[in-house]
1. Looking at (1) over 27 Å from B:Thr101 (Cα atoms); (2) more than 14 Å from chain A (Cβ to nearest Cβ), can you tell me which one B:Gly292 breaks?
2. Regarding the range B:501-513, can at least one residue be identified that is modelled with pLDDT of 90 or more and more than 14 Å from chain A (Cβ to nearest Cβ)?
3. In the range A:28-119, which strands (runs of 3 or more DSSP E) lie fully inside it and hold 3 or more residues that are within 14 Å of chain B (Cβ to nearest Cβ), aliphatic (A, V, I, L, M) and buried (at least 17 other Cβ atoms within 10 Å of the Cβ)?
4. Taking B:Pro265 as meeting all but one of (1) of a type outside the set (S, T, N, Q); (2) out of contact with any Pro (no Cβ under 9 Å at 6 or more places or on another chain); (3) within 11 Å of another protein chain (Cβ to nearest Cβ), write down the number of the exception.
5. Just name the residue that is surrounded by the most Cβ atoms within 10 Å (Cβ to Cβ) out of those in the range B:303-319 that are over 14 Å from B:His418 (Cα atoms) and either more than 10 Å from chain A (Cβ to nearest Cβ) or out of contact with any strand residue (DSSP E or B) (no Cβ under 9 Å at 6 or more places or on another chain) (or both).
6. Restricting to the range A:247-301, what's the tally of residues that are of a type outside the set (Ser, Thr, Tyr) and assigned to a strand (DSSP E or B)?
7. Looking at B:Val350, B:Val366, B:Val386, can you tell me which residue is closer than 15 Å to B:Leu430 by Cα, hydrophobic (A, V, I, L, M, F, W, C) and at pLDDT 50 or above?
Amino acid sequence: MDTDTPATAISVSGLVKTFGRVRALDGLDLDVRTGEVHGFLGPNGAGKSTAIRVLLGLLRADAGTARLLGHDPWDEAVTLHRRLAYVPGDVELWPGLTGGEAIDLLARLRGGLDAARRDELIERFDLDPTKKGRTYSKGNRQKVAIVAALASDAELLLLDEPTAGLDPLMEVVFQDVIFQAKAAGKTVLLSSHILAQVEKLCDRVSIIRLGKIVQSGTLSDMRHLTRTTIEAETERPVTALETLPGVHDVHTDKGRVHFAVDGEHLDEAVRHLSSVGIRSLTSHPPTLEELMLRHYGDELAALNGNGGAA
Amino acid sequence: MSAGTATPTTPAARTPAAKRHGGGRLLAGTGTLIRFALRRDRVRIPVWIAALLLAHLSTLSELTGLYGDAATRASLAKTMDSPAGLAMTGPRHYLDGGYGTGAMLSHQVLGFYGVLVALMSVLIVVRHTRAEEETGRAELLRATVVGRHAALTAALAVALITNLVLAALLAAGLGGSGTDGLTWQGSLLYGAVFGGLGLLFAAVAAVTVQISEHARGASGTAVAVIGLAYVLRAAGDVGDGTLSWASPIGWAQRSYPFVDDLWWPLLLMTGFTAVTGGVAYVLSGRRDVGAGLRRPRPGRRTASGVLVRPFGFALRLHRGMLAGFCFGVLLLGSMYGSILGDVDDMLKNVDVVDEALAQAGGRDFVESFASVVMIVNAVVAAVYVVIASLRTRAEESAGRAESLLSTGLSRVRWMWSHLAVALLGGTATLLLAGLGFGLTGAASTGDGGLVLSLTGAALAYAPALWVTAGVAALLFGWLPKATAAAWIVPVYAFLVGYLGQILRFPGWMNNISPFGHVPQLPAAEMDWTPVAVLTAVAAALLAAGLAGFRRRDLETK
């Protein structure tokens, strides 16, 4: 496999990391192309942060290979760190340093600070840089790390749930800033469990579960692979719909029919409906939430007994 | 016990639970908090109590074994009747009347173990008040039916319970030991005074936790008060005794257990405890949860050029602690120096050159006294070195190292910047202690040569400090969870250097401490070999520690 082409910013294969008995990463494969915003999805404890910390050379993988911008993240950590910026999910600041000092410190140690850019970001994020670290709320600590990351000229951004604690207004500013970074040709790995954010920002998505990638691709690819929900009103009652391939969960109620169909069998199902005369038809492509639920459905089913949600 | 300024307005306090648990609204939930604190400390407190109890009993058995007959006791009393002896122990009055086992025990350990019981109480109070507020856990509790003063009261109550149990066990242990001369009355008084000393410093900590926003600062300030109390009594006991009356440890020693059995100093201690505790409640009522008494002010918008350099940044994190220690040791050294003149006078009243003095290789009392002071200074500097070296671990566990180590800063440079502050700061601490000692010593004796000779003598301990930093670095690199074990180095050096002389520890016990190899200037001759070897050992330990940290996982939250 060609892992060193400039087209690939992050290339990971078969990564394993254990902590005692816990297997945090269990053969993780991940490819992030240069210039894309890549969503890294999964619930708490799936291994997102561990994977990012291996990519930062903060943790040493037990097995597997990882290449970051064509280099080994453990052996060449410091050289790589000058080319990337990291925003942790839980930002800890020095109690006695002001936010402004922390921004300058992190950005300068990273290899350079664009002072004009810093001031602009501070203003956009509405951050008071004169306050001491201990007095910041969680959201404001997060802003300090985001400003520090974006004020340096890094070509790769590793963001680990960067907006946890930001209010919706700041979430909009964040999205705008990420679009700018993308336009400037930067690569972004965005770990998140805010699905709306990922849907809006990301070109491609990887879903991680129990330390493994269970699905990876563009959102439309993924949608095609999953079920579309259809609700239709027909002139004559629909019969034998459930016998069609790829059709699931058929419910009929006073001339209305409700079912889910696999992406590849959508055409046949719609033809079948039109044979009995379609009066109205609404179709919902799967939301990212449903994509996620498909992979985590068994856990939910275990929680709910039998998934009775509409 | 309650502050006048506080107004009980918490609506939650009206629930029956508040009445059941607290008594007053300001104290609602105190009972639950006490049980909770005792549960959290179910190992810690018994270990402290057992350690202090065992320390007393083993010292007692050593003393009865080593000084069983009147002749050896008289010889020990003569040794103690010197400035070095009195500075290390307590007032001269204990030596009158034969120096029996009881008198010996009180004289030798009441002040010394008194420092430890004070430390225990300070740590208990800080742990259950300011440390809880700093982590934000106190906020979670205060949002429930818990009164404004409940946390402070619970912490003090835990300290009270601990000291009461300790006092009772000590009294029973000493009185019941059947040792000749250990009367029940003396044992009871000893236990009461010892526990009282602990409670007194618990009250001191109750005040310092109101002032500082950080647990580290609060315990640091309280420990400085303990240190000041110890130095005042040492200076007073060597001199005319006036300074000892400014020290709670001095009061405790002036109850003369097993000699005069005076109970009234206990009253003085109780009064001081009550007033100090009252001040703590008043201050506590005047501040917000999580805040100190000082209001935070806005700081710099941007970082200075020094701050963004790794060493400059490390220095910034360490500067408060370093400045505190520098000031503290300058004071400590100066106080010891100021009594050098008294030491000189005392020399004229002594006609026999003592056996112990000859063993130390000292030419006179001044030099042997100075050598003992050097050990104390070196241990204080070592405490600083450990605190500074452990900062690496603190930064890592707090998750702050992660942000820095994901920048262009290498692990080695990051760790080294903290160690460099520890090494240079520790050496500076030593230098200032020696300089303060030398300057005031020269002034009080009129011997100008002491400035240089005492400063040089203090610096001879620098390689031992570097080894201490090396031990901390090695632990941090290879066994990060056990980094705090580096405390063993100064604690052990103190025990051996201080108690070893009286209890005659075997030579190997002295040899496993890096401080045991330093030539005891100015009493002994300078020997460069151990200094060079210690420096090499320190370099090897530091290098090994850095190598270990390079190859291990960073611990993240």
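The values are calculated or read from the model by the stated rules, or taken from the named source; none is laboratory data. Predicted model, so just to flag it, every value in this text is computed and none were measured. Ideal geometry is used to build each Cβ from the backbone, glycine not excepted, and the neighbour counts take in all protein chains shown.
1. Here B:Gly292 clears every test but (2).
2. Yes: the range B:501-513 contains one or more residues that are modelled with pLDDT of 90 or more and more than 14 Å from chain A (Cβ to nearest Cβ).
3. In the range A:28-119, A:84-87 are the strands (runs of 3 or more DSSP E) which contain 3 or more residues that are within 14 Å of chain B (Cβ to nearest Cβ), aliphatic (A, V, I, L, M) and buried (at least 17 other Cβ atoms within 10 Å of the Cβ).
4. With (1) of a type outside the set (S, T, N, Q); (2) out of contact with any Pro (no Cβ under 9 Å at 6 or more places or on another chain); (3) within 11 Å of another protein chain (Cβ to nearest Cβ) applied to B:Pro265, the lone miss is (3).
5. Only one residue fits best here, namely B:Val308.
6. 17
7. From the options B:Val350, B:Val366, B:Val386, the qualifying one is B:Val386.
The rows are residues; the columns are (1) crowded, with 19+ Cβ neighbours inside 10 Å; (2) touching a Lys or Arg at 6+ places or on another chain (Cβ under 6 Å); (3) free of Cβ contacts under 8 Å to residues at least 60 places away in the same chain.
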site	(1), (2), (3)
A:Asp160	yes, no, no
A:Met170	yes, no, yes
A:Asp176	no, no, yes
A:Arg204	no, no, no
